[in-house]
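Heads up: the structure comes next, in C-alpha cells.
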Protein chains: 2
Amino acid sequence: MHAAVASAAALPKALLFGDAPQDRPAPDAAPVGSVRVLAKDEEIFAEGDCTAFFYKVISGAVRTSKLLTDGRRQIDAFHLAGDIFGIEPGAEHRFSAEAVGPAKVVIYRRCSLDALASGNGAFARQVVQAMMRSLERAQNHMLLLGRKSAVEKVATFLLDLAARQGGHVELPMSRCDIADHLGLTIETVSRSLTQLERDRVIEVPAHRRTIVLRDGAALRRLDS
Amino acid sequence: MHAAVASAAALPKALLFGDAPQDRPAPDAAPVGSVRVLAKDEEIFAEGDCTAFFYKVISGAVRTSKLLTDGRRQIDAFHLAGDIFGIEPGAEHRFSAEAVGPAKVVIYRRCSLDALASGNGAFARQVVQAMMRSLERAQNHMLLLGRKSAVEKVATFLLDLAARQGGHVELPMSRCDIADHLGLTIETVSRSLTQLERDRVIEVPAHRRTIVLRDGAALRRLDS
DNA sequence: CGGGCCGTTGACTCTTGTCAATCGCGGTGG
DNA sequence: CCACCGCGATTGACAAGAGTCAACGGCCCG
C-alpha cells in the first residue's frame, strides 16, 4: 500500500470528510495581501477550487499535491518562506495545498496576474519568475522521478533543501510528505537515510528532523 | 478535426500569427521565423546552449529531454505539429531537443519574450499561457512518473496522444523514446502494450506504430 | 502510566529492470 | 531475385530494487 493511504489519519480532514464550500475563503473575502495563519495540515485550497488567489509563504512550509482516485498522492513541491505558489493556468486549481506545520501565508488576488498584461512592474516580473522557477523545478523533478534511484532521490532532496535553507537541513515535513514528493514509500525514505548515515554521508541526530551533511561531495556525486 | 486538436493548435497560431499584427510592436517581437528542416535525431539545441531562440513544430515530432551524467535520459515531452517548445526561464537551455523523425520547425527569436517585462499586452499573455501549459503538463507528468504503474503510464500516454491527434493513435516515436518519457525501459513498454492487447483494450497492427484504442473506458479507468 | 504518532527495521513479495535470444521488416548488394 | 545484414520490437529467464506487511521503539501529551 502506498504511503498516502497508509497514513490516512495524517491527511487533512477535509479530504476525508468532504469540505463544505464555505470552509474555504470566499472568493471575495480576502483583500489583496491579507495574511492567513494556518495550523498543521490545514487546507489552503483543494484540487478543483477556483483559482481566485495565489499565495506567498511567510513562515512555515506548504505542500502542493495531487491525488489519484485511489488515494495515491504526489506532492509537487514544498514551498518555504518567500516562495510563491498557487499560480495556475486554468480557472481551477489542479493541485491542493496544505500547511505542512503551523504556517503563515499572504493571499493575493489572482487578478494581480493580469498586471502582466499591462504591467511592467517589479511585481509582475517577480510573479513570472516564480512561475518559471516552478517550471524549472518541475522539470528537474521529472528527471528525479523518472530516472533516479531511491538513494539518489533522497540525496537530491537533501541538497536542494540545504541550498534553499542556507546550508543546514532542518526537515519541516514528515517522512510521508518526503516519500510522496520523491515517489517513494516512507519505508524506503527511511532506509535510504539510514544507508546514507551508515556510509557516513550524513548524520541524523536523535530527533530525526535535523540532518547534518557530512560528505557533500558524496551527495553531489549521487545527485549526478 | 476534433476539438482537442483544434484547441491545441489554436494557442500557437494566436501567439505567433495573431490576427492583429498591428498591436505587436515590430522590431524585437518575433518576426515570423525561418524554417528549419530536420532529419531524424537531428539536434535542435543541446542542454547548456544559450536560449537565443524558441521553436514551433510545423511537421513531425520533437522531443525535449535531459540526461544524467551516466546517460540515463528523461524525455520531458514530445512536441507535435503546432506545439511551441524551447521557452525557458534562464539564459541556457536545461533540456536538449531533437527531431524524433524527419521534421520541420519554425525558429523565433527569444527576445520577444522580453516583451513580458515591458508589458506588451496580448503577446505577453499568450507567452505566459504557453508557459503555463508547459507547467501543467509537467505537473501531470510528475504524478505519472512518481505514482503510476507501468501499464497505467502507458495507458495515460496513449490517451494523451489520442486526444492530441484527434482520436486515433499513430506513434511518431520509438519505444525507446516512449520509455524515456514514461520513466520505464523499452522492454516494460513493450510488455505493457502486449498486456493491454491481451486484455483486448488496444490493438496493435503489425507495423507496431499504429495503435487502435478498442476499450477507451478501460484505458480511462487505468488513467485514474 | 498509557496511548497515539512517527520513524525505523525486518521478512517477504512483486514489479520492473537486466541480459540475452529471437522475430520481422526494410534496405543493400551480389 | 534473393541472401544478408542491421535495427527495432518482442519475449523469456532471471536479478534486484522498491513496496508491502508487520513488529518495535521512542517521544509527546494527556
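The values are calculated or read from the model by the stated rules, or taken from the named source; none is laboratory data. Keep in mind it's a predicted model, so treat the numbers as computed, not measured. As a convention, Cβ positions derive from the backbone with ideal geometry for all residues, glycine included, and neighbour counts pool all protein chains shown.
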- [ ] Kindly indicate which of A:Leu16, A:Leu11, A:Leu68 is at pLDDT below 90 and within 14 Å of chain B (Cβ to nearest Cβ).
- [x] A:Leu68
Task: Residue within the stretch B:141-153 that is under 30 Å from B:Arg109 (Cβ atoms), at pLDDT 95 or above and more than 10 Å from DNA strand C (Cβ to nearest atom) present - done: yes
- [ ] For the stretch A:36-56, enumerate the residues that are under 18 Å from A:Asp177 (Cα atoms) and not in a loop (DSSP other than H, G, I, E, B).
- [x] A:Leu38, A:Glu43, A:Ile44, A:Phe45
Open item on the list: Kindly evaluate A:Arg200 against the criterion of being away from chain B (no Cβ under 13 Å), within 12 Å of DNA strand D (Cβ to nearest atom) and basic (Lys, Arg).
Closed with: no
- [ ] Run B:Arg220 past the list (1) surrounded by fewer than 21 Cβ atoms within 10 Å (Cβ to Cβ); (2) in contact with a strand residue (DSSP E or B) (Cβ under 8 Å, 6 or more places away or on another chain); (3) assigned to a helix (DSSP H, G or I) and report the number of the one that doesn't hold.
- [x] (2)
Task: Options A:Leu171, A:Leu219; residue that is away from DNA strand D (no atom under 13 Å from the Cβ), more than 20 Å from the chain's Cα centre (by Cα), at negative phi and more than 14 Å from every other protein chain (Cβ to nearest Cβ) - done: A:Leu219
Task: Given (1) surrounded by 20 or more Cβ atoms within 10 Å (Cβ to Cβ); (2) within 12 Å of DNA strand C (Cβ to nearest atom); (3) under 28 Å from B:Ile84 (Cβ atoms), index of the condition B:Arg209 fails - done: (1)
TODO: Of all residues in the stretch B:77-97, count the ones that are within 9 Å of another protein chain (Cβ to nearest Cβ), at pLDDT below 90 and crowded, with 22+ Cβ neighbours inside 10 Å.
DONE: 1
- [ ] Check the stretch A:171-180 and report whether any residue there is polar (S, T, N, Q), under 17 Å from A:Ala61 (Cβ atoms) and more than 11 Å from DNA strand C (Cβ to nearest atom).
- [x] no
